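Structure, as structure tokens:
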Amino acid sequence: MSENPPEAISTRTVHSAWIAPTLTALLIGMVFVAVYVGLQRAPEPDSIPVAVVGSSLQHQVAAGLGDRVDVTEVDSVGAGRRLVQDGTTVGVLAVDAAGTVQLDYASAAGLSESGAVRAMTQGFAKAAHLKVRESDTVPLVRYDSLGLVSFYVIFGVTLSSFILAQALSGNAARVRLRHRLLIMVGFAVLIGIAAAVIAGPVYGAVKVPFPALAGVLVLLSAASAFGTKALVTWLGSAGVGIAVLLLTVAGNATSGASIGFNLLPKWAQLLSDVLPQGAAVRALQSAGYFDGSAVWQSVAVLACWAVIGFGLVVAHGERTARNRRRSDRSGHPAHLAAIARRTAAPAWVR
């Protein structure tokens, strides 16, 4: 009787081994293109905050621009500029004695949002047969002329943290749980500081004090890594796809870095509020250009992702250890004492 040669056995394809990852990769690619292109396709302003000097102009702007702006009436141009400088509004409009509309805006709020305010002001002034004079009150730094540096920094930190968490999950049998946790914490510190050094002191492309920049990026890495690790640990291969779609695709697309928050559809705004990438963008904008009031709320979102993700990973490790102890005790009663000694400590510190 003849046997199949070894090479024939080794080259046999198990279809289920390639169909699932192929379909998953196809789905992720399609969603990536659909989300990014869809959001960039025709963003519509929705309640962009602007200040207006005087009740008469306030009524005209509200009537002319409708729901596209959220109008705040102020007594003077100075009061409106203070709102722009602390990030409360994107711009302030006033009409001088010569009949010219003065627009003071903040390009640091994002070129998409400030551009939308400028375009709407031009349209309003044209309809009223007025001229427009503009002033960029809070400009972007020189080496971030397109306002996209925060997007790329946050994307890079998120992607590297995701890759690390996925790789550690794949090597769970060879790397102890406590070592995996320590590696992710150490990596978060390293990548956060390294990315901050490159974007800040080296390139001068981020206007954020270095401690704040590094701290936000460390928290972002921890949130992305532990969030990914928790999803993969509890959901297996499905968790990898969910982590990609949630953190690297939806998180970055809705962060508000490439498309301003007030130009996103409502569902994207909801995601931006709760995902780490949106929190990181708002923290960097607030700390770098405005009064910093939004930093702590954003830090709270990042910390929740990191702490909850860490807790879920530890909880899964404890559950796995308990199941293993029960199995060992039922199958090897003679070794109960030795097993109890080995597994007395929590799984995450062994």
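The values are calculated or read from the model by the stated rules, or taken from the named source; none is laboratory data. The shown structure was predicted, so the numbers you read here are calculated from the model rather than taken from an experiment. Virtual Cβ from ideal backbone geometry, glycine too; neighbours counted across all protein chains shown.
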For this session: Taking Ser47 as meeting all but one of (1) on the phi > 0 side of the Ramachandran plot; (2) surrounded by 18 or more Cβ atoms within 10 Å (Cβ to Cβ); (3) in contact with a Lys or Arg (Cβ under 8 Å, 6 or more places away or on another chain), write down the number of the exception.
Result: (2)
Exercise. Which is at pLDDT below 95, outside the structural domain of Gly292 (by TED's automatic domain parsing) and aliphatic (A, V, I, L, M), of Ala79, Ala62?
Worked result: Ala62
For this session: Could you check Val157 against (1) more than 30 Å from Ala321 (Cα to Cα); (2) modelled with pLDDT under 95 and say which number it fails?
Result: (2)
For this session: Filter segment 54-64 down to residues that are under 10 Å from Leu93 (Cβ atoms) and among the aliphatic types (A, V, I, L, M), then give me how many there are.
Result: 2
Exercise. Given (1) out of contact with any Gly (no Cβ under 8 Å at 6 or more places or on another chain); (2) more than 30 Å from Arg142 (Cβ to Cβ); (3) not in a helix (DSSP H, G or I), where does His59 come up short, assuming only one miss?
Worked result: (3)
Exercise. When segment 276-308 is examined, which residues are found to be surrounded by 15 or more Cβ atoms within 10 Å (Cβ to Cβ), more than 10 Å from the chain's Cα centre (by Cα) and not hydrophobic (A, V, I, L, M, F, W, C)?
Worked result: Gln285, Ser286, Gly288, Tyr289, Gly292, Ser298
For this session: Search segment 24-47 for residues that are within 14 Å of Thr254 (Cα to Cα) and pair each with any residue that is part of a loop (DSSP other than H, G, I, E, B) and of a type in the set (S, T, N, Q) when their beta-carbon atoms are under 9 Å apart and the residues are at least 6 apart or on different chains.
Result: Val35/Thr254; Tyr36/Ser258; Leu39/Thr254; Leu39/Ser258; Gln40/Ser258
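Matching residues to (1) surrounded by fewer than 19 Cβ atoms within 10 Å (Cβ to Cβ); (2) in contact with a Lys or Arg (Cβ under 7 Å, 6 or more places away or on another chain); (3) more than 30 Å from Val314 (Cα to Cα):
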residue: Leu213; (1), (2), (3): no, no, no
residue: Leu217; (1), (2), (3): no, no, no
residue: Pro265; (1), (2), (3): yes, no, yes
residue: Ala268; (1), (2), (3): no, no, yes
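Just name the residue that is surrounded by the fewest Cβ atoms within 10 Å (Cβ to Cβ) out of those in segment 111-140 that are farther than 18 Å from Ala62 by Cα and in contact with a helix residue (DSSP H, G or I) (Cβ under 8 Å, 6 or more places away or on another chain).
Residues of segment 111-140 that are farther than 18 Å from Ala62 by Cα, as a first pass: 111-112, 115, 131, 133-140.
Of the ones still in play, those that are also in contact with a helix residue (DSSP H, G or I) (Cβ under 8 Å, 6 or more places away or on another chain) are 112, 131, 134, 136-140.
Values: Ser112: 21, Lys131: 11, Glu134: 16, Asp136: 15, Thr137: 18, Val138: 22, Pro139: 16, Leu140: 23.
Here the answer is Lys131.
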Problem set entry | Residue that is surrounded by the most Cβ atoms within 10 Å (Cβ to Cβ), among those in segment 221-263 that are in contact with a Phe, Trp or Tyr (Cβ under 9 Å, 6 or more places away or on another chain) and polar (S, T, N, Q) | Ser224
